[in-house]
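To start, the structure itself, in C-alpha cells.
None of the figures in this text is laboratory data; all of them are computed from the coordinates on show. Given the structure is predicted, the values throughout are model-derived calculations rather than measurements. When we count neighbours, we look across all protein chains shown, and the Cβ atoms used for this are built from the backbone with ideal geometry, even at glycine.
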Amino acid sequence: MIREFGTGDIVYLVFAARWTLALTALAFAGGAIVGLTLAVLRISQLAPLRFLASLYIQIVQGTPLLVWLFLFYFGLSIAGLPVNAWTAAALAYSIYGGAFLGEIWRGALIAVAPTQWEAGASLGLTYVQQMRHIIIPQAVRIATPPTIGFLVQLIKNTSLAATIGFVELTREGQLTSASTYKPFAVYITVACIYFLICFPLTQWSRRLEERFNVAR
Amino acid sequence: MKYGLQFRDVFAAWEFLLEGLAVTLALSVCTMVLGFFLGLACACARTYGGARFKQAVTVYIETIRNTPLLVQIFLLYFGLPSLGLRLEGFDAALIALVINLGAYSTEIIRAGLEAIPKSQIEAGQSLGLTPWQIFRYIIVFPALKAMYPALSSQFILLMLATSVVSQISVQDLFHVGSIIQSRTFRDFEVYTVIGCIYLALAFMMRGVFAVIYRQVFAR
C-alpha cells in the first residue's frame, strides 16, 4: 500500500539512526581491539610480527568492505554458525576498522620521539610500563583527531550493512522509500540525518587538529 | 556436516567475471579522470577565487564528505526520477562517484597548492611572469608531487568503493559476483574470488602509481 511521506516517517528514520550508532559503537570497539593489537605488532622488535601485521593491513585495505560483509554473512553458515546480520556486520566492521585504526595508531606511536622510550628505559621501566605511562599518553593526543576522522568514515560505512539486510538508517530509508514511493524526499532526509551526526564530529576533529598544531 | 569448498563453478564463469572487471575498471578510470579535474577546479576556486566561490566549494565538500556514498548513489538513481530526471544505472553511478571523489580530491589538491611557499610565487612575479606562467612553471610540478601520495591512495579507495554501485544493479565485478552466487550457491567461494580480484587490482594500482612516481617525480 502506498502512503504519504510525513512527519511520522521522519521521526521513524531518526529513530532508525540509533541502529547506525549502535553498529558504529560495536564496530569501533571491535576495530579498536584489532587496531591496537596491530599497532603494537607493527612497532614490534620482531620482524615476522611486523610483517604479519603489515600483511593484514595491506589485504584489508586492498579489498572492498562489501566483500568482507558478504564473506562473513555467508561464511558463518559454512562455519556452522547461525546466519545473523548483527554478527556478520560486527565481525566484518571489526576486521575492516582494525586495519585503518591500526595504521593511524601506529603512526601516533612512532610519532612519539624515541628518546621518550630511552628515558623510560633509563628509569628502569619495563616495556609495558614505558608503553603504559610514557608512550600511550602522548600518542593518544596525536591520534585523537585522525581517530575521530575515521569514526566519521565508519558511521558513513555502516550504511553498507543495509546490503545484508541489517536494518539501520539506510535500510530503513529503503523500506520507507518502497512504502511511500517518495525516494527523493526519503533519501534527502536520510542524508540530512547522516550529516547531522557526522558534521559535528568532523568539525571537532578539525578543531583538535588545529589546537594540536598550535601546541607544537 | 562438513562443508567442502568448491571453486570450479566460480571459475567456470570467468568470462562473466571479466565483463564485470571491465565495468569496474571503466568506472574507476573515468571517475579518476573526471573527479581529479572537478577537484582541481574546486581547489583552484577555493585557493584563488573570491569569497562566494570559497563558500560554495566548502558547502559542497562538507555535504559530500559527511554523507555516505551509498545514500548519494541512491539519491541520484532512485530519487532523481521522481523529479523527472531518469538516469541509467552506469551514468548515475559515474556521476555520484565523480561528485564524491571531487570533494575528497579538492582537499588533497588544495593542500598541494598551499604547500608552495609564497616566496616562490613572489619570485615569479618579480621576474615578470604572467599568472599562467607562474602556475605552469612554478606551481604545478611541486604541487603535484606534494599531493601525489594522498591522491593515489584516494584513487585506490575509490576503485574499491565502486563495488557499491552493484546496489543499483550496475554490472560491475561485485554485482557479477552476486549473480554467480545466485546461480551456483557457492557464496563463500564467490566472494573469496571477488575479494582476491579486488586485492590484485589494488596492488596493481599501487605498483603503477609507484612506477609513475619514480619516473616523474624522483629525480
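Compared with the dominant principal axis of the Cα atoms in chain B, helix B:89-114 is inclined by about 40°. Annotation: aspartates and glutamates with alpha-carbon distance below 13 angstrom to A:Lys156 (same-chain offsets under eight excluded): A:Glu168. Give the cross-link partners of B:Lys145 among the aspartates and glutamates, using a straight C-alpha distance below 17 Å as the criterion and excluding same-chain residues fewer than 8 apart. Cα-Cα hits under 17 Å: B:Glu107, B:Glu114. Among the helices of chain A, those built from whole DSSP H runs whose Cα atoms reach 24 Å or more along their own axis and whose mean Kyte-Doolittle hydropathy is at least 0.0 are A:7-42, A:85-111, A:136-157, A:183-215.
Which of these, B:Gly128, B:Gly49, B:Gly39, has the largest mean-square fluctuation under a Gaussian network model of chain B (Cα springs below 10 Å)? Answer for the Gaussian network model of chain B: B:Gly128.
Shape class of the range B:79-219 from the Cα gyration tensor (axes a ≥ b ≥ c, square roots of the eigenvalues): oblate, since a/c reaches 1.5 or more and a/b does not exceed b/c. Per-residue mean of foreign Cβ neighbours for B:74-81 is 6 (Cβ atoms of other chains, 10 Å radius). Each peptide in B:10-21, A:101-112 gets a packing score, the mean of other Cβ atoms within 10 Å over its residues, and the list from highest to lowest is A:101-112, B:10-21. Across the options A:Thr37, A:Ala185, A:Ala16, the greatest Cα extent toward the positive end of the charge dipole of chain A (unit charges at beta carbon of Lys, Arg, Asp, Glu) belongs to A:Thr37. Placing unit charges on the Cβ atoms of the charged side chains and taking the dipole of the range B:8-216 about its Cα centre, the candidate lying farthest along the positive direction among B:Phe135, B:Val211, B:Leu201 is B:Phe135. Note on chain B: GNM, Cα springs under 10 Å; of B:Val165, B:Val176, B:Val59, the largest mean-square fluctuation is that of B:Val59. Each residue of the range B:45-58 is assigned a 3J(HN,Hα), and the resulting list reads 4, 7, 7, 10, x, x, 4, 4, 4, 4, 5, 4, 5, 4 Hz, derived from the Karplus form 6.51 cos²θ - 1.76 cosθ + 1.60 (θ = phi - 60°), x at Gly and Pro. When only Cα pairs below 8 angstrom with a gap of at least 6 residues are kept, the range A:22-168 shows a relative contact order of 33 percent. Against chain B, whose longest principal axis comes from its Cα atoms, helix B:173-184 is set at around 10 degrees. Cross-link partners for A:Lys182 among the aspartates and glutamates, with Cα-Cα distance under 14 Å and sequence neighbours closer than 8 places in the same chain left out: A:Glu4, A:Asp9, A:Glu172. Taking Cα centre as origin and charging only the Cβ of basic (Lys, Arg, +1) and acidic (Asp, Glu, -1) residues, the dipole magnitude of chain B rounds to 620 debye. Take each residue in A:48-61, count the other chain C-beta atoms within 10 Å of its C-beta, and the mean is 1.
Rg/Rh for the range A:1-76 stands at 1.22; both radii use Cα atoms, and Rh follows the Kirkwood definition. Highest GNM mean-square fluctuation among A:Gly80, A:Gly97, A:Gly165, for chain A modelled with Cα contacts below 10 Å: A:Gly80. Orientation-averaged projection of the protein assembly as shown equals 26.5 nm² [convex hull of Cα atoms, one quarter of hull surface area]. Here's the picture: charge each Lys and Arg Cβ at +1 and each Asp and Glu Cβ at -1 in chain A, and of A:Phe74, A:Leu49, A:Thr126 the one pushed furthest to the positive end of that dipole is A:Thr126.
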